[in-house]
Amino acid sequence: MTDRKARMTDEQRKRPRLLCNDKFRYLRLYSSEYNVVVEVTPVNYNCYGIAFFSSFPIEEGSALKFSLCYESDSMQVELDGLLGEVIYVTGSDIGFYAGVAFVSAQVEEPSALEALSLIESDLAHHQSDDDRYQQN
């Protein structure tokens, strides 16, 4: 395991990821290699990273640029040009599940960290104790 992966595992244990909901209006990746913008589905989030599902191929270790919009009754946050490093990718026959760490220099910038933290706080407020995979 690389030092970076070990640090991410430690971060995730200290600060759990929260399940994303429909308050994420969009999460878009920008691929300069393919000159495309791709919409992906956010899965879980904290102010240090996000995991998502994509039908577009994602490479572990690659750097990504993306934008997101999160909107709830109390706020709207739009961030463009976020930078992230792909920490892990799991492929399947229908797409790719990827975990991305926001670039630390960006997360340490006060206005970006404040916006990312606001999203995390709002998501935490709207989390359900129900297991979304539980059978009834």
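Efficiency by 1/(1 + (r/R0)^6): what FRET value for S32 and S121, r their Cβ-Cβ distance, R0 = 35 Å, to the nearest 0.05?
Numbers: r = 32 Å, r/R0 = 0.93.
The formula returns an efficiency of 0.60 here.
For Q106 paired with E71, estimate the spin-label separation in nm (one decimal), with each label point 7 Å from Cα along the Cα-to-Cβ line.
2.2 nm
Only Lys, Arg, Asp and Glu count, each charged at its Cβ (+1, +1, -1, -1), so figure out the dipole size of the stretch 3-125 about its Cα centre, rounded to 20 debye. Intermediate values should be presented prior to the final figure.
Details: 11 positive and 19 negative charges, 65 e Å.
Dipole about the Cα centre, nearest 20: 320 debye.
No value in this document is a laboratory result; all are computed from the given coordinates. Computed from a prediction, not measured in an experiment: that's the story for all the values here. Positions of Cβ are backbone-derived with ideal geometry, glycine not excepted, and every protein chain shown enters the neighbour counts.
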